[in-house]
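Bear in mind these aren't lab numbers, they're just calculated from the coordinates by the rules spelled out. Just so it is clear, the structure is predicted and the values come from calculations on it, not from any experiment. In this analysis, Cβ positions are derived from the backbone assuming ideal geometry, glycine residues included, and neighbour counts consider all displayed protein chains.
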C-alpha cells in the first residue's frame with residue numbers, strides 16, 4: 001500500500017519529529033485514510049515477519065526506513081504495538097492525537113553567555129560544590145554575583161522576542177567514572193517555579209529534563225529524539241520508572257503549570273503539544289525495553 005502510514009511516516013527522517021511515535025501519529029492524524037485497510041495490510045506484513053527475517057521484512061515490506069526498531073530494541077514488540085494502534089484508530093477515530101499539521105519550533109528560549117564573563121563563570125563553577133549524581137545526568141543553576149549573559153524568550157502569539165539580563169548559569173552534569181560538566185549556558189533570568197520546589201515534588205524529572213533536554217544539547221535544526229534515546233538507554237530502568245511516575249503526576253496539572261515546571265526544570269523543548277510529548281515519553285518507558 002503506497003499510502004500506508006508506514007510508507008509516509010518518514011522514519012528515516014526523524015529529525016522532523018520530536019519522537020518516533022509522533023512520526024506515526026502525525027500521518028494518522030493529518031493524512032486520514034482507510035484505517036481498517038491499513039491495519040489489515042500491516043497484519044499481512046506481521047505474518048510474513050513472524051515467518052522469517054523480522055527486521056528485513058519490516059524494512060522491505062513494512063517500508064520502515066531504519067536499521068533499528070523505531071521504538072525500543074525489539075522489532076516484534078514495536079510492530080505488534082503498531083497493529084494495536086491501527087486497530088484502535090480504526091475502531092475509534094476520536095483516539096487520533098490532536099497534532100498540528102505544521103507545528104512551530106519546540107524551542108522558544110535561549111540563553112547567551114557573555115564571552116567577557118567567562119572567567120566569572122569559571123570562578124562560580126569552581127566554587128560551587130558539585131552534587132552526588134543519582135542518575136547519569138543532572139542539572140543545576142548557579143547564581144553569579146553580576147550579570148553574565150542574556151536570556152531570550154519567543155512569544156509564539158506575537159512573534160516578539162524578549163531579552164533580559166541574567167545572573168543565572170545553567171550547568172549540565174554527567175556521571176561516568178567521575179562527574180563532569182557537559183554544558184554551560186545562561187539560564188532564564190528567573191524561574192517561574194523555584195528549582196527547589198520542582199526538585200521536592202519531581203526529583204528525577206528535575207534532574208533528567210535539564211540534564212538531557214537543556215540548551216545546546218538539542219540544536220534547533222535537530223530532533224530531541226536522539227537525546228531522549230540516550231536518556232532511555234543510559235539511565236537505569238528503576239530511575240526511568242520513577243521518571244514516568246513523576247511525568248504522570250505532572251500531567252495532573254493544567255497546561256500552563258506543566259509548561260512552567262518543564263521550563264523551570266531546565267528543559268528547552270517546549271512544543272505546542274507538550275502534554276502529548278510527555279505522555280508519549282512516559283508511555284515508551286513502560287512499554288518498550290531500551291537496554
Requested in this report: Could you work out the mean projected area of the convex hull around the alpha carbons of region 5-95, in square nanometres to one decimal?
Outcome: 5.4
Query - Spacing of the two label points (7 Å from each Cα toward its C-beta) at residue 245 and residue 153, in nm - result: 3.2
Query raised in the report: Given a Förster radius of 45 Å and the C-beta distance between residue 34 and residue 143 as r, what FRET efficiency does 1/(1 + (r/R0)^6) yield to the nearest 0.05?
Result: 0.20
Requested in this report: Along Cα→Cβ, 7 Å out, is where each label goes; now give me the distance between the ones at residue 76 and residue 94 in nm to one decimal.
Outcome: 3.6
Query - Label assignment, volume of the Cα convex hull per residue in Å³ derived from the structure, set (1) 228; (2) 138; (3) 169 - result: (2)
Report summary line: Two pseudo-spin positions, 7 Å from Cα along C-beta at residue 44 and at residue 283, lie apart in nanometres by 2.7
Query - On Cα atoms only, tilt of 118-127 relative to the major axis of the chain in degrees - result: 90
Requested in this report: Rank the residues 226, 42, 290 as a footprinting-exposure proxy: fewest other Cβ atoms within 10 Å of their Cβ go first.
Outcome: 226, 290, 42
Query raised in the report: Does region 68-198 come out rounded, prolate or oblate by the C-alpha gyration tensor, with a ≥ b ≥ c the root eigenvalues, rounded set by a/c under 1.5 and, if not, prolate when a/b is larger than b/c and oblate if not?
Result: oblate
Requested in this report: Based on the mean of other Cβ atoms within 10 Å per residue, sort peptides 94-107, 43-56 so the most packed one is first.
Outcome: 43-56, 94-107
Report task. Give the calculated FRET efficiency between residue 182 and residue 114 to the nearest 0.05, with a Förster radius of 25 Å applied to their Cβ-Cβ distance. Result -> 0.75
